[in-house]
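All remarks here apply to the structure that follows.
Each reported figure results from applying straightforward, stated rules to the coordinates on display, with no laboratory input. Given the structure is predicted, the values throughout are model-derived calculations rather than measurements. Positions of Cβ are generated from backbone atoms using ideal geometry, with glycine treated the same way; all protein chains shown enter the neighbour counts.
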Amino acid sequence: MDATTMAPESTSPLPQLSVGDTLRFVRDVGGPLVARGLIIRRPRVVRALEVAGADRRAVAFMARMRDRYGDGPIQVAIPGRSVALVVSPDHVHEILDSTPHPFHPATTEKRSALDHFQPEGVLATRGPERDARRRLNEDVLEQDRPRHGLAERFDQVVDEEARWIAAQATGAGVLDWDTFERGWERVVRRVVLGDAARDDMEVADLVTRLRKDANWAFAKPVRRGQRRRFHKVLGRYLERAEPGSLAAVLAEHSQDGHIEEPAQQFPQWLFAFDPAGMATYRALALLAVHPRERQVALAEAEADDDHPLLRAAVLESLRLWPTTPGILRELTTEHRWAAGTAPEGTTVMIFTPLFHRHPSLPDADTYSPRRWLDHRSAVDWPLVPFSGGPAMCPGRNVVLTTTSAMLLALHRRLDLTLTEPGRLDPERLPSTLDPYTLEFTAAGRSSERVTASLELEATP
């Protein structure tokens, strides 16, 4: 821990960015963060940010701000809001470990965005209802189990949809994002809602449309009619409670009626699985340019249902290119640090890339999946792809189960090579990676070739 955490608390205001640094913050950090889409990504913007190397520039800026203003947090002068930037690793741990009090996850900004499609979801909830909804999410998603009780069923769903993806890719000779995404979204709907939702394009269209509105938060009126329609459709899946789905588990845990609007937990799961697909697709790219790591991970996965190295590949994808680049908390009371005091209501922002790709982090810009195997990654340094502390994403293990299963299922069926290998230099991986334009040449693998290949790959 830094000595700063032992320094006496100060009643003075937090140090504040100068006017020039505030403008640079908006240009290099805040502007790109909002432009890419906080709730659903804007593909053209993501591509432009990759070309510009935007996240590397943002990390460099934030590192300079710590050098200039100290360990912080650092206040940003934004009209009508009190915002504090976190620049110290110790403060990341403190804030995440002290959630929801005094650092509450349901910030004003987050609630205004989520109001568009899940106003009663746990992430948008304050007060006593939050504790009950949080417990419900933890119970349904079985947060503490590495493999969910329905993991075998989830593996089957993933395998079936991977077969479809592989067939499309083999026929075209190319695996592109659109093909992968169609298959992945079917996995998500089947895992969350049940097989009956596999081709339910109404759910798909509604969640996409409402999430696009949510990107604008309070700047765009809520389409209450469409939101009601969305919740009504989700309510039918909860009533159906198809065996083998999270809907069935949710129905079982909420049958006593102590949770209001239990179906409004679905949107968060559908929402969270979307960036999980991006992480999986990027992990395919990482494995493509690290063939030896791929060989070892696949051989291990065939022998271990937990797929440790494939899970680690997804975690490295999320470290390198975090799908939640800004973790927000809101102070429920005044809070003092050594650098100064922040008033109640302050939005505290953890810019994840600063810590995931900080120059002082060993192998910050290279693929190092084994860092995740000793479980020290989030203790020694704040690597927080699923946030952390009491508000850590309760679906972490469900996500890692399904994403690692998809990596294995696709590699069983396809030989994949990046069509633009130069985009991923293994010696210095890009700071931003647009998944929407990544493509792989794809050749089918017979079951005999897969067996022989894995036997070879298992050989030291």
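Structure summary
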read-out: Tensor-based shape of the range 44-119 (alpha-carbon gyration tensor, a/c under 1.5 rounded, otherwise prolate or oblate); value: oblate
read-out: Vicinal HN-Hα couplings computed from phi for the range 168-178 (Karplus, 6.51 cos²θ - 1.76 cosθ + 1.60; Hz; Gly/Pro x); value: 5, 5, 5, x, 8, x, 9, 9, 10, 4, 4
read-out: Summed side-chain charge close to A60 - residues other than A60 whose Cβ falls under 15 Å, Lys, Arg +1, Asp, Glu -1; value: +4
read-out: 5 angstrom amide H check on H104, placed H, neighbours 5+ away; value: E330, L331, T332
read-out: Computed [θ] at 222 nm, helices only, for the chain once each DSSP H run of length n ≥ 4 contributes -39500 (n - 2.57); value: -15500 deg cm²/dmol
read-out: Net charge, W184 excluded, C-beta distance under 9 Å - Lys, Arg +1, Asp, Glu -1; value: -2
read-out: nm² value of the averaged projected area, convex hull over the Cα atoms of the chain; value: 21.3 nm²
read-out: Neighbour-count order for E316, E138, fewest beta carbons within 10 angstrom listed first; value: E138, E316
read-out: Contact order relative to length of the chain, as percent, for alpha carbon pairs under 8 angstrom and 6 or more apart; value: 27 percent
read-out: Ranked list, fewest to most other Cβ atoms within 10 Å of each Cβ, for Y237, Y367, Y436; value: Y436, Y367, Y237
read-out: Relative contact order (%) - the range 407-446, alpha-carbon pairs under 8 angstrom, separation at least six; value: 61 percent
read-out: Cut-off 11 Å between beta-carbons: net charge of the residues surrounding H258, Lys and Arg +1, Asp and Glu -1; value: -1
read-out: Interchain or long-range residues, amide H under 5 Å from A338's placed H; value: S10
read-out: For the range 81-93, Karplus couplings with θ = phi - 60° (6.51, -1.76, 1.60), whole Hz, Gly/Pro x; value: 9, 9, 10, 10, 8, 8, 10, 10, x, 4, 5, 4, 4
read-out: Antiparallel DSSP beta bridges within the chain, as percent of all bridges there, nearest 5; value: 75 percent
read-out: Alpha carbon centroid spacing (whole Å) that separates the range 228-260 from the range 341-377; value: 36 Å
read-out: Acute angle (nearest 10 degrees) that the helix 224-240 long axis makes with the longest principal axis of the chain, alpha-carbon atoms; value: 50 degrees
read-out: Nearby lysines by direct alpha-carbon distance to K110 (threshold 16 angstrom, same-chain neighbours under 8 apart not counted); value: K212, K220
read-out: Angle in degrees between helix 128-141 and the longest Cα principal axis of the chain, rounded to the nearest 10; value: 20 degrees
read-out: GluC sites (Glu not before Pro) within the range 326-418: DSSP coil, no more than 14 neighbouring Cβ in 10 Å; value: E334, E344
read-out: Cα long-axis angle, helix 447-457 against the chain (0 to 90 degrees, to the nearest 10); value: 50 degrees
